[in-house]
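Worksheet: one structure, shown below.
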Amino acid sequence: MLNTILIAILIFFELIFYVIFIDVILSWLVLFWVNFRPKFIADIIDPMYKFIKSIIPTTFWPIDLTPIIVILIIYFLRWLVFFLSPWLQNVISSYMS
């Protein structure tokens, strides 16, 4: 049961990473006068961005560093899940070899 929950958490982190990646790519399209950001991406990402921005300043000139900070937090949480679960390390290493 716990193993299934850990795998679900890791899948959730991967999905959030890809949603952030898509959001960053779509934000670059503004340079080509394409202003497109689906509402479901904004609904998922904006609460995380607002929370990070309320804690630390994330804007460096015109560059917003919030996605990088969120991705670093996601990678830290993934590492924490791997560190706390030796079983998961064995499963992942068996799939890799």
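For segment 58-97, filtered to residues that are touching a helix residue (DSSP H, G or I) at 6+ places or on another chain (Cβ under 7 Å) and among the β-branched types (Val, Ile, Thr), the residue that is farthest from PHE12 (Cα to Cα) is THR58.
Residue count for segment 1-34 under the criterion of being of a type in the set (D, E, K, R) and either over 22 Å from PHE82 (Cα atoms) or outside any helix (DSSP H, G or I) (or both): the result is 1. Restricting attention to segment 26-47, the residues being of a type outside the set (Lys, Arg) and surrounded by fewer than 11 Cβ atoms within 10 Å (Cβ to Cβ) number 10. Scanning segment 48-64 for residues that are hydrophobic (A, V, I, L, M, F, W, C) and surrounded by 15 or more Cβ atoms within 10 Å (Cβ to Cβ) returns MET48, ILE52.
Only one entry in ILE41, ILE20, ILE25, ILE74 is at pLDDT 90 or above and in contact with a Phe, Trp or Tyr (Cβ under 6 Å, 6 or more places away or on another chain), namely ILE74. For segment 8-60, taking the residues that are without any contact (Cβ under 8 Å) to a residue 12 or more places away in the chain and under 19 Å from ARG78 (Cα atoms), the one that is farthest from the chain's Cα centre (by Cα) is identified as ALA8.
The values are calculated or read from the model by the stated rules, or taken from the named source; none is laboratory data. All figures in this text were calculated on a predicted structure; none of them were measured in a lab. A quick note on method: Cβ atoms are made from the backbone with ideal geometry, for glycine too, and the neighbour counts reach across all protein chains shown.
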